[in-house]
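Accompanying notes for the structure given below.
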Amino acid sequence: MSDPSEGVPEASGAAVEDGMSLLQRTVAVFARPASAWTGLRERAQWWFPLLVVVLVTAVGWALSYKHILLPTMVEAWQRNVDSGQMPAAQLDSLEQFFEGPAGLGIIVGQQVILLPIFTLVVALAVWFGVGFVLGTNLRYRLALEIAAWSSLISLPGFLLTLALGWVKGSLQGVHIGFGILLPITETPTKLLTALGVVLDALGPLSIWYLVVGIIGASELSGAARKSTAWVLGGLYLVLVLLSAALAALFSPAA
């Protein structure tokens with residue numbers, strides 16, 4: 001007589017093998033990125049890493065706002081005053097406003113809004129590159145999983161930036177990539193600002209983020225990792241150059 005429970009342990013074991021807790025997946029993204037994507041085709045979890053990144057970033061800026069970010073903003077405004085692009089009275093008004101809770105709320109609120117938008121844009125780039133250019137059946141939701149979970153890799157760099165900025169008392173001249181090789185000037189030029197963005201984007205921490213994204217895109221789409229690397233690497237460079245151009249455009253440097 002056959003045991004009615006026969007085969008149940010095997011099914012249960014498969015469920016355990018295919019399942020991965022949020023904490024386990026978070027650890028895997030850093031330690032074993034090739035195995036961090038199991039089960040994401042069947043289960044949407046992009047909201048968790050996005051929430052973690054938004055919370056850590058918002059709390060980090062809130063706690064260090066008056067010691068790091070506000071002095072950096074005041075330095076930029078002062079350069080505008082020195083170059084004649086801003087009247088001194090406006091500097092006093094801006095400084096007074098941003099020293100208050102409303103200024104803090106605006107800065108933190110910007111992060112809460114812009115980080116999800118940035119993640120959606122990165123997911124769109126992944127979906128276009130892997131799903132359209134490479135011709136795979138990668139859905140946008142899976143591209144969003146790749147963008148969101150890969151964004152966890154940005155947290156060590158963010159925390160290192162806060163630590164360096166805290167020691168210096170400003171973010172002016174703080175780099176966590178190869179931008180550290182640039183000369184330190186009191187008034188950075190637009191060219192130096194753009195080069196800093198590009199060189200930091202080619203630093204080890206930034207490349208780590210790119211590599212994890214490539215691995216995730218390859219695993220979830222079934223595309224060859226080499227082809228995925230070429231496509232996403234090219235799109236990454238395009239986004240970096242665009243970011244550098246925008247940074248130079250809005251730089252207060254003369």
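The values are calculated or read from the model by the stated rules, or taken from the named source; none is laboratory data. Given the structure is predicted, the values throughout are model-derived calculations rather than measurements. Positions of Cβ are generated from backbone atoms using ideal geometry, with glycine treated the same way; all protein chains shown enter the neighbour counts. Protein only, heavy atoms only, side chains kept; ligands, DNA and RNA dropped before computing areas. Shrake-Rupley method; radii C 1.70, N 1.55, O 1.52, S 1.80 Å.
Which condition number does Q110 fail, the rest of (1) open to solvent by less than 40 Å² (accessible area, probe 1.4 Å); (2) among the polar types (S, T, N, Q); (3) within 26 Å of L55 (Cα to Cα) being met?
(1)
From the list E75, E10, E42, exactly one residue is open to solvent by 80 Å² or more (accessible area, probe 1.4 Å), of a type in the set (D, E) and at pLDDT below 90. Which is it?
On the way: E75 fails: open to solvent by 80 Å² or more (accessible area, probe 1.4 Å); E42 fails: at pLDDT below 90.
Just one listed residue meets the conditions, E10.
Within region 84-98, can one find any residue that is surrounded by 17 or more Cβ atoms within 10 Å (Cβ to Cβ), modelled with pLDDT under 95 and in contact with a Ser or Thr (Cβ under 8 Å, 6 or more places away or on another chain)? Break it down into steps so the answer makes sense when it comes.
Taking region 84-98 as the starting set, the residues that turn out to be surrounded by 17 or more Cβ atoms within 10 Å (Cβ to Cβ) are 86, 98.
Among the residues that remain, those that are also modelled with pLDDT under 95 are: 86, 98.
Filter again for in contact with a Ser or Thr (Cβ under 8 Å, 6 or more places away or on another chain), leaving none.
Looking through region 84-98, none of the residues is surrounded by 17 or more Cβ atoms within 10 Å (Cβ to Cβ), modelled with pLDDT under 95 and in contact with a Ser or Thr (Cβ under 8 Å, 6 or more places away or on another chain).
Of all residues in region 211-231, count the ones that are touching a residue at least 40 places away in the same chain (Cβ under 8 Å), of a type in the set (A, V, I, L, M), part of a helix (DSSP H, G or I) and open to solvent by less than 60 Å² (accessible area, probe 1.4 Å).
Residues meeting the conditions: 5.
What are the pairs with Cβ atoms under 8 angstrom where one residue, in region 104-132, is more than 17 Å from I153 (Cα to Cα) and free of Cβ contacts under 8 Å to residues at least 60 places away in the same chain and the other, located anywhere, is of a type in the set (A, V, I, L, M, F, W, C) and open to solvent by 40 Å² or more (accessible area, probe 1.4 Å)? Sequence gap at least six, or different chains.
So the pair list comes out as L104/A62; V108/A62.
Checking the conditions here, which among L192, L159 is open to solvent by 70 Å² or more (accessible area, probe 1.4 Å) and touching a residue at least 60 places away in the same chain (Cβ under 8 Å)? So that I can check it myself, show each step before the final result.
Details: L192 fails: open to solvent by 70 Å² or more (accessible area, probe 1.4 Å).
After applying the criteria, what remains is L159.
Has region 165-175 got at least one residue that is open to solvent by 50 Å² or more (accessible area, probe 1.4 Å), modelled with pLDDT under 95, in a helix (DSSP H, G or I) and out of contact with any helix residue (DSSP H, G or I) (no Cβ under 7 Å at 6 or more places or on another chain)?
yes
Can you run down the residue pairs with Cβ atoms below 8 Å, 6 or more apart or on separate chains, where the first is in region 233-254 and closer than 14 Å to L199 by Cβ and the partner is open to solvent by 60 Å² or more (accessible area, probe 1.4 Å) and at pLDDT below 90?
Final answer for the pair search is A248/K190; A248/L191.
Only residues that are within 19 Å of S83 (Cα to Cα) and part of a helix (DSSP H, G or I): list them for region 178-200, please.
Hits for region 178-200 are K190, L191, L192, T193.
Keeping to region 232-247, report how many residues are open to solvent by less than 30 Å² (accessible area, probe 1.4 Å) and either charged (D, E, K, R) or under 16 Å from A123 (Cβ atoms) (or both).
Within region 232-247, residues that are open to solvent by less than 30 Å² (accessible area, probe 1.4 Å) and either charged (D, E, K, R) or under 16 Å from A123 (Cβ atoms) (or both) number 1.
Please give the number of the condition L51 fails out of (1) at pLDDT below 95; (2) surrounded by 12 or more Cβ atoms within 10 Å (Cβ to Cβ).
Exception for L51: condition (1).
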